[in-house]
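Inspection log for the structure reproduced underneath, given as structure tokens.
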Amino acid sequence: MQINKYIYSFNCDITERELCKLESKYIFNKEEQNKLLFSDIKVEPSGSAFIKSRLDVISFSEHYSTLISDIKNENIRVEGFKIEYLVFDGDRTEYSDRLRKLRDIGFSIEGDTDYYYPTITYALCYYEGVWYFGVLIKNDIAWHRHRQKPCSFSNSIGANIAKALVNIAAEANKEKKLLDACCGVGTIMLEACFAGNNIEGCDINEKTCHNARKNLSHFNYTAHVYHSDIKDISRRYEAAIIDLPYNLFTSATDSDISHIIESAAEITDRLIIVSTSDIKGLIHKTGFKISDYCSVSKRGKVNFARKIWVCEKNECSEN
Ligand SMILES: C[S@@+](CC[C@H](N)C(=O)[O-])C[C@H]1O[C@@H](n2cnc3c(N)ncnc32)[C@H](O)[C@@H]1O
């Protein structure tokens, strides 16, 4: 039986469904299905807003009794452990049976349990005819502390989208040089720094840059913020994230948007753009092709949606 090392479970609001799938595609080279994904790629759940947990598989079997003897054979000795049952799609195991199974596993591990302050959490789950046992790593939501950043901005993007943009840009490679091309107060940069990505930022507005630096240093992150029009940035990046000023026809004109996209296209071959209107035509004009697209609506705001465009330089283009 071919089994992956890790089982990821996902959770997201209905408005973020498409983004959750898009993010998983760029982290794992495949999309989550039924809020689950099996992979050999190891990522920290807290690097994404949508990954609820990762199970590091220790034992698996089609037969529950074999699983229990395999766990016993592991000779696990640990103080203060906890065991959880993960209910996956299609698992019809009754609650009382689940509790019994957790007890079986408890008796297969040497040491005392601690359900309040566990030193390690194990989990049991069943999916498509196979029982799995392993160590459970949860999204510890430590990044929620960014909500207390000293400077905020009414046009700031939400942290969930910010994290997804970083993951789509980085493609599971922390070394990739990323630019937050319209960084505002640095919401995207905060999430990138938290996850250990290599990012720099730039913004045309001096006060906003000052606020982004203040936010970054508040959390002891050291990422460079350039006070600059994107057109004056000459360093090259492996990907640039552009959270465009909106609205297209009010605070930023069509030509402002073109100017930003065309300038960023000069310094990278990959763009991840956030807009509030259809900018397909403007992207094609830069000689980039749209490789992926998704929309994220806002609860309670029927007329507002953020559109996320993943663009790559068209190899046939002379631009
Ligand atoms: C929607 S806001 C970005 C918000 C940011 N993602 C955040 O969460 O704080 C767009 C930003 O683009 C900046 N901007 C507009 N034109 C620019 C240009 N030509 N070069 C660089 N930044 C620009 C604006 O100053 C504004 O801060």
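Rule-based calculations on the coordinates, nothing more; no lab input. Predicted model only: the values in this text are computed from it and were never measured. Positions of Cβ are backbone-derived with ideal geometry, glycine not excepted, and every protein chain shown enters the neighbour counts.
With the alpha-carbon atoms of the chain aligned to their principal axes, the span from lowest to highest coordinate is 67, 41, 38 Å, starting with the largest. Counting only lysines at least 8 places from Lys313 when in the same chain, those with an alpha carbon closer than 19 Å to its own are Lys176, Lys177, Lys231, Lys280, Lys285, Lys289.
Please label the shape of the stretch 144-313 as rounded, prolate or oblate, based on the square roots a ≥ b ≥ c of the eigenvalues of the alpha-carbon gyration tensor (a/c under 1.5 means rounded; beyond that, a/b larger than b/c means prolate, else oblate). Rounded, since a/c falls under 1.5. Peptides 79-92, 186-199 ranked from most to least packed, by the mean per-residue count of other Cβ atoms within 10 Å: 186-199, 79-92. I want to check a number: in the stretch 6-138, how many lysine pairs have alpha carbons closer than 24 Å, given a sequence separation of 8 or more or different chains? Lysine pair count for the stretch 6-138: 27. In the stretch 144-313, a dipole from Cβ-located charges (positive for Lys and Arg, negative for Asp and Glu) runs towards its positive end, and of Phe288, Gly186, Cys202 it is Gly186 whose Cα lies farthest in that direction. What nm value, rounded to one decimal, do you get for the distance between Thr66 and Asp229 when each label is placed 7 Å out toward the C-beta? Distance between the two pseudo-spin positions: 6.8 nm. Which of the three applies to the stretch 24-115, rounded, prolate or oblate, going by the alpha-carbon gyration tensor with a ≥ b ≥ c and a/c under 1.5 meaning rounded? It comes out prolate by the Cα gyration axes. Relative to the longest principal axis of the Cα atoms of the chain, the long axis of helix 64-73 lies at roughly 90 degrees.
Compared with the dominant Cα axis of the chain, that is its longest principal axis, helix 17-28 is turned about 80°. Take the Cα of Asp56, step 7 Å toward its Cβ, do the same at His218, and the gap between the two points is 3.3 nm.
Seen from Ile290, the other residues with C-beta closer than 13 Å to its C-beta sum to a net charge of +3, counting Lys and Arg as +1 and Asp and Glu as -1. A straight line joining the Cα centroids of the stretch 192-210 and the stretch 280-319 runs 22 Å. In a DSSP loop and with at most 11 other Cβ atoms within 10 Å, the GluC sites (Glu not before Pro) in the stretch 270-318 are Glu315, Glu318.
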